[in-house]
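Visitor: Before I ask anything, here is the structure I am working with.
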Amino acid sequence: MNSTSRKPMNLAALALLSFAGSPAFADAPSTTPLRQGPYISVLGTAVIPVNREQLSNGYGGTLGFGYRKDWYALELAPTVVKFKSTEYLGGGVNALIFPFPSFPYVYGVAGIQALQYVKFPTTSGNRDFNTLNADGGLGALVPLRVGQYQFAIRGEARYRYGKREREYNDQDVDLSAPLRYRQVVLHLGLQFPLGFLPNEPAAAAPTEPQVVPPEVPADSDGDGVIDATDQCPDSPPGSVVDATGCPPPPPPPPPCKTAGPGEKVSLAGCGTGDSIVLRGVNFDTNKATLTVNAKTLLDDVASELIQYSSITVEVGGHTDARGSDAANQKLSERRAAAVMNYLVSKGVAAERLTSVGYGESQPIADNDGEAGWELNRRVALKIVSGTGTVSSPEPAAADAGAR
């Protein structure tokens, strides 16, 4: 086959490849009419001789009656073709193979045709001029649609090998075809399935999305802290809680300290081993008689001891260094006992109190002048046990008034 004769076949193959690249060749359901069922095709036909020195171009038409079953199709194809001064009429059988599932409209085709020449330009000669052809090639369908009906543009390029029965010697007949010949056959037309596409289901009316309210985490005791993180799940309603669902810890008590001028005595924050001086608890000179101001201060001390009922204390009496040691010792003992007895008279249980006199043995300042003497003359409460936390108040002693 020379380069001139190959040109028509190359152009036809290029056209079919361009069809195959079309989006129309995407995979489609195998139940569509173009892929399943009977059809009719109406094709225009062009015949281009490969050995042009002996044959002329021809044109005509082909009518196909076929049936496709997904990957293959069989069809009968009556044909009429006219060459320069000769026409022939015949028919054939074609087999179409669709080998690519992803490209269900591209196929290979093979066919056999028997042709009878029916028109010659002369009245002389024998008209029994028959040929037998075999061909094969490539084809493609381009699906189209009108409503529920689907059809396709069909194109093919085939290479044909033919043989005629005998040679004519009648010089008046313009037919110099050889006994064996080769041709390129092009088909282009439409293919009509004998069926319709199934009705498409009506589009469902859009439904409004259901708004699902967010799930509210459980809070069984209603304290504002969900059960998953609530460490105190039985908090009383309305109680103040922290992030863990528990009551916040109470603020730390103030440090235990001696009351300053004008301040009330407080045992809050005091514990075992702490000691506070009762400033302002004074006595007459060399006596154990409490002054009116001293009793007022001791009333506050009694209230604190009743409030913090777990505390037991030692009442310690101290003197300055003036006078003899023995006199100062006895004076400190009497003064400590006087303070303890006054507290008992105000409702503090006697078993919670002890009194000790230290005389001048534990000075807290120099004994060189009035300022130091005043600091050393003192009554102190030392916490023997217990802490300054609130507990149930104890009942007053039945004989408190007798003291």
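No lab work stands behind these numbers, since they all come straight from the coordinates. Remember, it's a predicted structure, so these values are computed and weren't measured experimentally. All Cβ positions, glycine included, derive from the backbone under ideal geometry; neighbour counts span all protein chains shown.
Visitor: Report, ordered by chain and residue number, the lysines lying within cross-link reach of K264, taken as a straight Cα distance under 30 Å and ignoring same-chain residues fewer than 8 apart.
Guide: Leaving aside lysines fewer than 8 places away in the same chain, those within reach of K264 are K287, K295, K330, K346, K382.
Visitor: In whole percent, what relative contact order does the range 171-311 give with Cα contacts below 8 Å and a gap of six or more residues?
Guide: Details: 118 pairs, mean separation 15.4, N = 141.
Rounded, it is 11 percent for the range 171-311.
Visitor: Would you mind calculating the relative contact order of the range 275-395 from Cα pairs under 8 angstrom and at least 6 residues apart, reporting the percent as a whole number?
Guide: On the way: 240 pairs, mean separation 46.5, N = 121.
About 38 percent, as a whole number.
Visitor: Between A218 and D242, what length comes free when the chain is fully extended (0.36 nm per residue of separation minus the Cα-Cα distance, one decimal in nm)?
Guide: Values: separation 24, 0.36 × 24 = 8.64 nm, distance 1.73 nm.
This chain segment gains 6.9 nm when fully extended.
Visitor: Now for a different question. Residue by residue through the range 75-85, which ³J(HN,Hα) values in whole Hz follow from phi under the Karplus form 6.51 cos²θ - 1.76 cosθ + 1.60 (θ = phi - 60°), with glycine and proline marked x?
Guide: Using θ = phi - 60°, the values come out as 8, 9, 9, x, 9, 10, 9, 10, 9, 2, 9 Hz.
Visitor: Extension gain T354-K257, at 0.36 nm per residue separation less the Cα-Cα distance, in nm?
Guide: Working: separation 97, 0.36 × 97 = 34.92 nm, distance 2.07 nm.
Net length gain for the segment: 32.9 nm.
Visitor: Moving on to the next point. With no solvent and one equal point scatterer placed on each C-alpha of the range 275-395, evaluate the Debye formula and give log10 I(q)/I(0) for q = 0.18 Å⁻¹, two decimals.
Guide: Here log10 of I(q) over I(0) equals -0.88.
Visitor: Right, here's the next one. Once R0 is set to 30 Å, what does the formula 1/(1 + (r/R0)^6) return for the Cβ-Cβ distance between Y59 and V93, expressed as a FRET efficiency to the nearest 0.05?
Guide: E(calc), rounded to 0.05, equals 0.85.
Visitor: Let me ask something additional. Among bridges DSSP assigns within the range 275-395, what percent are antiparallel (round to 5)? Provide the component values of the computation, followed by the final result.
Guide: Numbers: 11 of 16 bridges.
Antiparallel bridges make up about 70 percent of those DSSP assigns within the range 275-395.
Visitor: How much length would be gained if the chain were fully extended between T229 and L132, taking 0.36 nm per residue of separation minus their Cα-Cα distance, in nm to one decimal?
Guide: 25.6 nm
Visitor: Let me ask something else about it. Can you spot the lysines whose alpha carbon is less than 20 Å from K82's alpha carbon? Ignore those fewer than 8 places along the same chain.
Guide: Hits, sequence-local ones excluded: K119, K163.
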